[in-house]
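For reference, the structure is listed below as structure tokens.
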Amino acid sequence: MKRTRLIFTLATLLMVMGTVASAQTKNPTTSASVENEKFVFLNNGATVGMIIKSVLKADRQRLKLTDQQLPKARVVITNAVVAYNDGVKQLKKAGMNQKKLRTLAVGVETDKVHNYKAILTPQQYAILAAQQMKMYPESKL
């Protein structure tokens, strides 16, 4: 049961990936090695770069991102995946549970929506905000 909820939370996170704007987060745009890191939840050899590519593809279809918005969206998504990956690593060390993981996901998602706002049109942002509130009603937008 817990594994199913964890997988569901991960799938939810991947659908609506976010970012945490913190001083501790590495700047992934300057370090290609970050994209080669193993993604913590997947044991199939998936890397952070593979997750970024899938989320960018999903966001491009869902939000109808233009070619001008893609580079900025990639930075937002990269920061989100790296922040989530690092957060899960820290939670594993400190003792992870479903509540802590949900709190991390909500924080990452909320920050992602705030960072996306600058590059999206009002219609795109409305779609993103509606999905955010549907998935994470406790988030503050």
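Using label points projected 7 Å from each Cα along Cα→Cβ, tell me how many nm separate MET135 and VAL75, to one decimal.
Roughly 2.2 nm, to one decimal.
What number of lysine-lysine pairs in segment 56-141 show an alpha-carbon separation below 15 angstrom, given a sequence spacing of 8 or more or placement on distinct chains?
Taking segment 56-141 as the scope, the lysine pair count is 9.
List the trypsin sites (Lys or Arg not before Pro) in segment 49-85 that DSSP assigns to loop (not H, G, I, E or B) and whose Cβ has at most 13 other Cβ atoms within 10 Å. Which are they? Walk me through the intermediate numbers first.
On the way: sites: LYS53, LYS57, ARG60, ARG62, LYS64, LYS72, ARG74; in loops: LYS64.
When the trypsin sites (Lys or Arg not before Pro) of segment 49-85 are filtered for loop state and at most 13 Cβ neighbours within 10 Å, LYS64 remain.
With the crude spin-label approximation of a point 7 Å out along Cα→Cβ, what separation in nm comes out for LYS93 versus LYS64?
In this crude label model, LYS93 to LYS64 measures out at 4.5 nm.
Only the coordinates and a few stated rules stand behind these numbers; no lab work does. A quick note: this is a predicted structure, and the numbers were derived from the prediction, not measured. Every residue, glycine as well, gets a Cβ built from its backbone with ideal geometry; the counts of neighbours run over all protein chains shown.
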